[in-house]
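**Student:** Right, I'll just put the structure down here and ask away after.
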Amino acid sequence: MATITSATSTSEKIETRTLGNSDLEPTPIGYGAWAIGGGNWEFGWGAQDESESIAAIGRALDSGINWIDTAAVYGLGHSEEVVGNALQGRGRKPLVFTKCSMRWDKNRQIYRSLKAASLQEEVEASLQRLGVDAIDLYQIHWPNPEDEIEEGWETLAKLQEQGKVRFIGVSNFSVAQMKRIQKIAPITSLQPPYSLLRRDIEKEVLPFCRENNIGVINYSPMVSGLLTGKMTAERVRNLPEDDWRKRSPNFQSPKLERNLALVEVLREIGREHGVEPGVVAIAWTLRNPAITAAIVGARRPDQVDGVIPAATFRLSDAEARRIELWMGEHP
């Protein structure tokens, strides 16, 4: 069931959708807080300006976006702290989603645990950093260690019963893994990667979610900035050494050149509507009926301004076919 929320920076009202079996009504795009976690950790994006990060969150919320997605591990706790700081003093709080299972030691090395005691520690730390009484959606970040996913899911179900979290979901799970934990408690949502450059979930995962009323909030619809229209080969070369994207195949030859050519196709379509290529890339993912909403990252207010139109912009069938045709000719 769709509802309407007001927005101050979009010319249209933003329609929301119900997330899976919950009463959560997220807008079609949400604020992704991975990058604002900063650098100096394994999956960092380099140093970030916290004041700009807080301003970006404020701009997104003031523009009608009603949810934020983060994770304890982003910046090793720092992203959740920034989100918590950004929400201080705001009268109307957004929905706050976060994730667990990736821990870190005193040397900032990441390890993974789905043990009950570990998750209990994690949720308490996340609640404190975020400054909220309950987390709206608490998600297992990765199904690792795989032999602990049942224990982890049982624990999240107990946290829900305790009122520490409102709804529970998973991220990066396969159909087989979701079937295993479904026997314990219903799954509200799945958070998978999904974009023009990563479509593997279309065959089995998305149909399974539709059949089982599992909401889907996809991450990296713009492939971590690659499809925004702002990325160039020179900019990739100049990324900070502690930016994980320097190690990603999509940001290296020969894939980089092909991906930047795809951006030009998106740019041409976007130009006809006065929107940026990244908005077209996001809209392509939202065309899939199994997708409830997409996570969109931004580190500065101007970046938010560039992607806000994705909350209402939709591709026509002809435009979608044009993209598919290009993709077929450039595998």
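**Student:** Based on this model, can you work out whether Ser113 counts as free of Cβ contacts under 8 Å to residues at least 60 places away in the same chain, within 30 Å of Asn212 (Cα to Cα) and surrounded by 16 or more Cβ atoms within 10 Å (Cβ to Cβ)?
**Tutor:** Values: free of Cβ contacts under 8 Å to residues at least 60 places away in the same chain: yes; within 30 Å of Asn212 (Cα to Cα): yes; surrounded by 16 or more Cβ atoms within 10 Å (Cβ to Cβ): yes.
Taking the combined requirement at face value, the residue satisfies it.
**Student:** Filter the range 167-176 down to the residues that are outside any loop (DSSP other than H, G, I, E, B) and surrounded by fewer than 18 Cβ atoms within 10 Å (Cβ to Cβ), then identify the one that is farthest from the chain's Cα centre (by Cα).
**Tutor:** The residue in question is Ala176.
**Student:** Out of Ile149, Ile184, Ile140, which single residue is within 16 Å of Ile214 (Cβ to Cβ) and touching an Asp or Glu at 6+ places or on another chain (Cβ under 6 Å)?
**Tutor:** Values: Ile149 fails: touching an Asp or Glu at 6+ places or on another chain (Cβ under 6 Å); Ile140 fails: touching an Asp or Glu at 6+ places or on another chain (Cβ under 6 Å).
That would be Ile184, the only listed residue that is within 16 Å of Ile214 (Cβ to Cβ) and touching an Asp or Glu at 6+ places or on another chain (Cβ under 6 Å).
**Student:** Same structure, new question: Cβ contacts < 8 Å: first residue under 14 Å from Arg199 (Cα atoms) and among the basic types (Lys, Arg), restricted to the range 288-304; second residue assigned to a loop (DSSP other than H, G, I, E, B) and open to solvent by 10 Å² or more (accessible area, probe 1.4 Å), any location; separation 6+ or different chain. Result?
**Tutor:** none
**Student:** Return the residue satisfying two criteria in turn: it lies in the range 181-199 and is over 17 Å from Ala294 (Cβ atoms) and not in a loop (DSSP other than H, G, I, E, B), and of such residues it is most open to solvent (accessible area, probe 1.4 Å).
**Tutor:** It comes out as Gln182.
**Student:** Checking the structure you have, find out if any residue of the range 271-279 is part of a helix (DSSP H, G or I), over 17 Å from the mean Cα position of the chain (by Cα), at negative phi and crowded, with 23+ Cβ neighbours inside 10 Å.
**Tutor:** Let us first name the residues in the range 271-279 that are part of a helix (DSSP H, G or I), namely 271, 277-279.
Then keep just the ones that are over 17 Å from the mean Cα position of the chain (by Cα); that gives 271, 277.
From what's left, at negative phi: 271, 277.
Next cut, crowded, with 23+ Cβ neighbours inside 10 Å only: 277.
Yes; the residues of the range 271-279 include at least one that is part of a helix (DSSP H, G or I), over 17 Å from the mean Cα position of the chain (by Cα), at negative phi and crowded, with 23+ Cβ neighbours inside 10 Å.
**Student:** State all residues of the range 107-131 that are closer than 24 Å to Asp147 by Cβ and part of a loop (DSSP other than H, G, I, E, B); if no residue qualifies, say none.
**Tutor:** Within the range 107-131, Gln109, Ser113, Leu114, Lys115 meet the criteria.
**Student:** Taking the conditions exactly as written (assigned to a helix (DSSP H, G or I) and either touching a Pro at 6+ places or on another chain (Cβ under 6 Å) or under 30 Å from Thr188 (Cα atoms) (or both)), does Ala310 satisfy them or not? Steps first, answer last, please.
**Tutor:** Working: assigned to a helix (DSSP H, G or I): yes; either touching a Pro at 6+ places or on another chain (Cβ under 6 Å) or under 30 Å from Thr188 (Cα atoms) (or both): yes.
Taking the combined requirement at face value, the residue satisfies it.
**Student:** Same structure, new question: Ala318 is checked against (1) at pLDDT 95 or above; (2) within 22 Å of the chain's Cα centre (by Cα); (3) surrounded by fewer than 23 Cβ atoms within 10 Å (Cβ to Cβ) and fails just one. What number does that condition carry?
**Tutor:** (2)
Condition check ((1) within 29 Å of Ala55 (Cβ to Cβ); (2) open to solvent by less than 10 Å² (accessible area, probe 1.4 Å); (3) at pLDDT below 95; (4) in a loop (DSSP other than H, G, I, E, B)) across all residues:
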site	(1), (2), (3), (4)
Val216	no, yes, no, no
Lys246	yes, no, yes, no
Asn259	no, yes, yes, no
Glu264	no, no, no, no
Glu268	no, no, no, no
Ile291	yes, yes, no, yes
Ala294	yes, yes, no, no
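**Student:** When you check Ala125 against the structure, is it over 22 Å from Gly20 (Cα atoms), modelled with pLDDT of 95 or more and either open to solvent by 20 Å² or more (accessible area, probe 1.4 Å) or out of contact with any Lys or Arg (no Cβ under 6 Å at 6 or more places or on another chain) (or both), yes or no? Outline the logic, then answer.
**Tutor:** Working: over 22 Å from Gly20 (Cα atoms): yes; modelled with pLDDT of 95 or more: yes; either open to solvent by 20 Å² or more (accessible area, probe 1.4 Å) or out of contact with any Lys or Arg (no Cβ under 6 Å at 6 or more places or on another chain) (or both): yes.
Taking the combined requirement at face value, the residue satisfies it.
The values are calculated or read from the model by the stated rules, or taken from the named source; none is laboratory data. Not measured: the values here are computed from a predicted model. Every residue, glycine among them, receives a Cβ derived from its backbone with ideal geometry; neighbour counts consider all protein chains shown. When the accessible area is computed, the model is the full protein with side chains, heavy atoms only, and any ligands, DNA or RNA have been set aside. Shrake-Rupley method; radii C 1.70, N 1.55, O 1.52, S 1.80 Å.
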